[in-house]
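Data block below; observations after.
The values are calculated or read from the model by the stated rules, or taken from the named source; none is laboratory data. Everything quoted here is computed from the prediction, not taken from an experiment. Backbone-built Cβ (ideal geometry, glycine too); neighbour counts: all protein chains shown.
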Amino acid sequence: MKEMQEEKQKVKLRGQLRLYMQWPAVMAVLLFALNIWIYWVDRSAGILMFIFVAIYIIVTGVLYLYSKALIMKDLVEFAAQYGIVQNTLLKELAVPYAILLEDGKTIWRNDEFEHVLGEKNCKEAYLSKCMPELNKSIFPKEENDIVEMDVYYQDREYKAELRRVSVQAFNATEKLLELPKEKEYFIAVYLQDVTELNRSIKENEEQRLVAGLIYIDNYDEVIASVEEVRQSLLVALVDRKINQYIARIDGIVKKIETDKYFIAVKKQYFKELEEDKFSLLEEVKSINIGNVIPVTLSIGLGLSTEAYAQSNNYARVAIDLALARGGDQAVIKDGSGITYYGGKREQTAKNTRVKARVKAEALREFITVNDKIFVMGHKFTDADSFGAAIGICRAATALGKRAHIVINEVSASLRPLYTLYSENQAYSEDLFLRSDEAVDMADENSLVIVVDTNRPQMTECEQLLHMTKTIVVLDHHRQSSDNIDNALLSYIEPYASSACEMVSEVLQYIVDDIKIPGLEASSMYAGIMIDTNNFVSHTGVRTFEAAAFLRRNGADITLVRKMFRDDIESYRAKAEIISSAEVYLEKFAIARGVDLKIESPTIIGAQAANELLDISAIKASFVLTEYNGRIYVSARSIDEVNVQIIMEKLGGGGHLNASGAQFDHTYMSKAVIDLKRVLDDMTEKGDI
């Protein structure tokens, strides 16, 4: 009893309530001071005032002492009732809420949380048994940390928020529970049901329109290949195929030109196009009413989350890229990147040279107004890159300008040809420059011409591309997403056999009756010959016309053959690579070149890849060679397999029948496994 009284005496008021209860005492002090002043003025009034103040103090004191206990009782009852109301509100709160120990054991959860878990799972002590995502491994480690994550439970989606709740000094104030000093915290879990919200967001996203463009790649050639009375029927059949295909997914088609269509489809159906890999590309090829050449399409689709106008711009970029890559494919561009589908068929070469003439005239203007001209090809320059660079230098010379070729490393196979120039006094000593020398000479007004590649990281000196504003690209490889995008003039023709073929055509329009020395004509002829494997693969009418033009200018076939003969060690290395070949999936030849001990293993690897195609039933060949701390892949095919899309999966690229890639390591077994994995995956999906 005595202890209880002592405890009561220790109970004190705090805060504003304490200040409110002290007001009578403050008034008593003020009245007493006033009483002194009145007494100093008038004693009678002061005495009367003193009696009043004394009565006030006595009455106030009695009332204070009497009401304090009642006030404390009311306050305690209010606090108890407030706590009960607060706990009830939290228990019945419509938001799922729970408190866990650090090991994930549930010590309290409100009614809504139990409703979420369901009756069968309410008795589980550990929340992770119901919701595996909410385990102790993701609990916040610091007091102010908040962990947010998505949780899926019984076909519902929840956004979970976990907070670390500190209960320091809990031991000192609570006698019912004692926690270790270093574990004075709980984990508070709050769930928000976002199922309907996410469903609405998904529905809204699926209703978003995807803009697209469809072009007939070879409209003029196909129309010319059928009788005049059937031309309108052919166009009608193509229109019908396109309209039926888009109508099947509730899309809109608008024909904007004779060979161009604009389409708009919902994003939810757009995914169906991806799943069937744009079967329209193959469907139009089945149209045959006497046309010798099958119809091929290019499809460009753009998807932007910002605006429909941006989607249309993306579609235009995509269709341009599809055409630059040779057509017969679909290209999808969105905010995250670019995706390719199709591209299995070689593009038909156009007989007209109008485009070559237009590009030649534009190139002539650039050369005429620039004094510093630099020409460069790709790293590890081959005969095609070298010959094309020599041809551009001849164009500059014909226009009264000097050009420099940027080349850092001369391979063993290219050295005989390179030596004929470096030792020839007819050519200046600075015809060939290393990258550092070119960078020292160049400025922002220089002209940089890139041949035989359209990827900046593959050029001999990428720094030059950032130093100048005037860049020209001439290439015959299919364009990739990481192409040189700041070129003022871009002439990319995937149907061309080689860069030397393209340069040979351009030279015929740069200057009338241009004269090309025999050595330079031989260099360009060598480039065509090497890239076409002695005119066996990827040749068209214009290839032989370019070769004939070079022959008329003195190209020496015997000289070319002598320059590119292999020495005995290279011949043995090639034989060693071929002997290591294995046949994979009954149609792919995979060979390895390890410790070849020759100067240019990559070139020998490319030659071996070409020879492996002579084996019956082989549709594509892949040769992997070690060189300079990397593994280089040379991929070749005849017509049935597009090796470019295979190499793009490995970070490379190139041409439909001749491509390559690199691995930034020398683990041959790992590289072969990665290559086989890509072949398995693409074969299973029907991409090859």
- prompt: Is it true that residue 301 is closer than 25 Å to residue 210 by Cα and either in a strand (DSSP E or B) or free of Cβ contacts under 8 Å to residues at least 40 places away in the same chain (or both)?
  reply: yes
field: Flag for residue 272 being closer than 29 Å to residue 684 by Cβ and more than 26 Å from the chain's Cα centre (by Cα)
entry: no
- prompt: Looking at 297, 321, 273, 303, which one is closer than 28 Å to residue 222 by Cα and surrounded by fewer than 23 Cβ atoms within 10 Å (Cβ to Cβ)?
  reply: 321
task: State yes or no: is residue 615 closer than 25 Å to residue 324 by Cα and outside any strand (DSSP E or B)?
output: no
task: Could you grab me the full set of residues in region 389-419 that are closer than 24 Å to residue 506 by Cα and in a helix (DSSP H, G or I)?
output: 389, 390, 391, 392, 393, 394, 395, 396, 397, 398, 417, 418
message: Residues that are touching a Leu at 6+ places or on another chain (Cβ under 8 Å), of a type outside the set (D, E, K, R) and at pLDDT 80 or above: does region 164-176 have at least one?
response: no
task: Out of the residues in region 643-688 that are loosely packed, with under 13 Cβ neighbours inside 10 Å and under 28 Å from residue 496 (Cα atoms), state the one that is farthest from the chain's Cα centre (by Cα).
output: 686
- prompt: Only one of 38, 58 is surrounded by 12 or more Cβ atoms within 10 Å (Cβ to Cβ) and either of a type outside the set (Asp, Glu) or modelled with pLDDT under 80 (or both); which?
  reply: 38
statement: Taking region 324-340 and keeping residues surrounded by fewer than 20 Cβ atoms within 10 Å (Cβ to Cβ), of a type outside the set (Val, Ile, Thr) and either more than 18 Å from the chain's Cα centre (by Cα) or in a strand (DSSP E or B) (or both) leaves 334, 337
field: Selection status of residue 464, of a type in the set (A, V, I, L, M, F, W, C), part of a helix (DSSP H, G or I) and either on the phi < 0 side of the Ramachandran plot or not assigned by TED's automatic domain parsing to the domain that holds residue 526 (or both)
entry: yes
field: Subset of region 536-569 [surrounded by 14 or more Cβ atoms within 10 Å (Cβ to Cβ), modelled with pLDDT under 85, assigned to a loop (DSSP other than H, G, I, E, B) and not small (Gly, Ala, Ser)]
entry: 538, 539, 564, 566
query: Quick one: in region 358-388, which of the residues that are assigned to a loop (DSSP other than H, G, I, E, B) and either of a type in the set (Asp, Glu) or in the same structural domain as residue 600 (by TED's automatic domain parsing) (or both) is farthest from residue 464 (Cα to Cα)?
result: 382
field: Residue among 497, 411, 504 that alone is buried (at least 23 other Cβ atoms within 10 Å of the Cβ), within 25 Å of residue 521 (Cβ to Cβ), at pLDDT below 90 and not basic (Lys, Arg)
entry: 497
